[in-house]
């Protein structure tokens, strides 16, 4: 029997989640990725296959790193960029991660920035 790593199991969960979560032009998908040090998110229109807006804790203008405060700042920056593109509501794709900690902080920041989901 093959050993299954944490990242492989996350990818399995993400594939299962993506069967139900689909972004459209009216309601695009907010996709989140969390690494050990950083967090990034992007808003994707799956029908066109293009990214509408993106934000990451790697950027210099976003305060904080990949901790909860940094995740909240990433969510707020992403919401601001999305509103500039005319996006008001999204579908949240947690990327196979638990909705907890930094993922939940990013979602709260995006909601505070004006996105609805």
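The values are calculated or read from the model by the stated rules, or taken from the named source; none is laboratory data. All figures in this text were calculated on a predicted structure; none of them were measured in a lab. We place every Cβ from the backbone using ideal geometry, glycine too, and count neighbours over all the protein chains shown.
Overview of values
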item: Within segment 79-107, tally of residues that are closer than 22 Å to residue 37 by Cβ and loosely packed, with under 15 Cβ neighbours inside 10 Å; result: 4
item: Test: residue in segment 50-72 that is closer than 19 Å to residue 114 by Cα, in contact (Cβ under 8 Å) with a residue 40 or more places away in the chain and part of a strand (DSSP E or B); result: no
item: Condition met for residue 78 (touching a strand residue (DSSP E or B) at 6+ places or on another chain (Cβ under 9 Å) and touching a residue at least 60 places away in the same chain (Cβ under 8 Å)); result: no
item: Flag if residue 92 is touching a strand residue (DSSP E or B) at 6+ places or on another chain (Cβ under 9 Å) and not in a loop (DSSP other than H, G, I, E, B); result: yes
item: Lone unmet requirement of (1) at pLDDT 95 or above; (2) in a loop (DSSP other than H, G, I, E, B); (3) more than 21 Å from residue 11 (Cα to Cα) for residue 105; result: (2)
item: Condition broken by residue 27, with the remaining ones in (1) surrounded by fewer than 17 Cβ atoms within 10 Å (Cβ to Cβ); (2) out of contact with any helix residue (DSSP H, G or I) (no Cβ under 8 Å at 6 or more places or on another chain); (3) without any contact (Cβ under 8 Å) to a residue 60 or more places away in the chain satisfied; result: (3)
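Here's the yes/no breakdown for (1) surrounded by 12 or more Cβ atoms within 10 Å (Cβ to Cβ); (2) on the phi > 0 side of the Ramachandran plot:
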site	(1), (2)
5	no, no
18	yes, no
23	yes, no
34	yes, no
42	yes, no
56	yes, no
64	yes, yes
